[in-house]
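The values are calculated or read from the model by the stated rules, or taken from the named source; none is laboratory data. Just so you know, these numbers come straight off a predicted model, no measurement behind them. Counting neighbours? That spans all protein chains shown, and the Cβs are built from the backbone with ideal geometry, glycine included.
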Amino acid sequence: MNTNAAYTWQTPENSYDFHPVPDTNLVLIKSETREAIEDFINTVELAGPEEGNPLPELWIEEDETSYDHVYFTEVTRATLSLFLDFEVRYYMGVPSA
């Protein structure tokens with residue numbers, strides 16, 4: 001498995017593209033909607049980021065070719081893992097400890 005390949009995660013409400021940043025412990029989380037990144041940040045706040053790391057921030061960038069906005073944030077791989085664990089547990093109805 002290539003850990004630097006982009007990956008798409010979809011929920012019934014949102015779609016995210018995960019882009020590992022080469023040679024770092026970071027992952028760029030992108031979405032076409034602001035609400036998706038805000039939901040991601042809120043879930044990270046509930047699940048808790050990796051110990052010693054702050055909550056992620058919302059960033060907005062305008063695509064120069066289409067003039068559409070791209071919404072994104074950046075987190076550590078461990079924080080992304082905590083997010084995914086929380087999302088799957090919520091979906092399965094398993095209470096988080």
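Kindly indicate the residue of region 8-36 that is of a type in the set (Ser, Thr, Tyr) and either surrounded by 12 or more Cβ atoms within 10 Å (Cβ to Cβ) or touching a Gly at 6+ places or on another chain (Cβ under 8 Å) (or both) and also modelled with the lowest pLDDT among those meeting that condition.
Filtering first and then ranking leaves 11.
What pairs can you find where one residue is in region 13-38 and of a type in the set (Ser, Thr, Tyr), the other is part of a helix (DSSP H, G or I), and their Cβ atoms are less than 7 Å apart, with a gap of 6+ or different chains?
Every condition considered, the pairs that remain are 15/36; 16/36; 16/40; 31/37.
Please go through region 37-76 and pick out each residue that is part of a helix (DSSP H, G or I) and either of a type in the set (Val, Ile, Thr) or surrounded by 16 or more Cβ atoms within 10 Å (Cβ to Cβ) (or both). Full working, then the answer.
Going through region 37-76, the residues part of a helix (DSSP H, G or I) turn out to be 37-47.
Within region 37-76, 37, 39, 40, 41, 43, 44, 47 qualify.
Just to be sure I understand, how many residues within region 1-36 are basic (Lys, Arg) and not in a strand (DSSP E or B)?
Here the count works out to 1.
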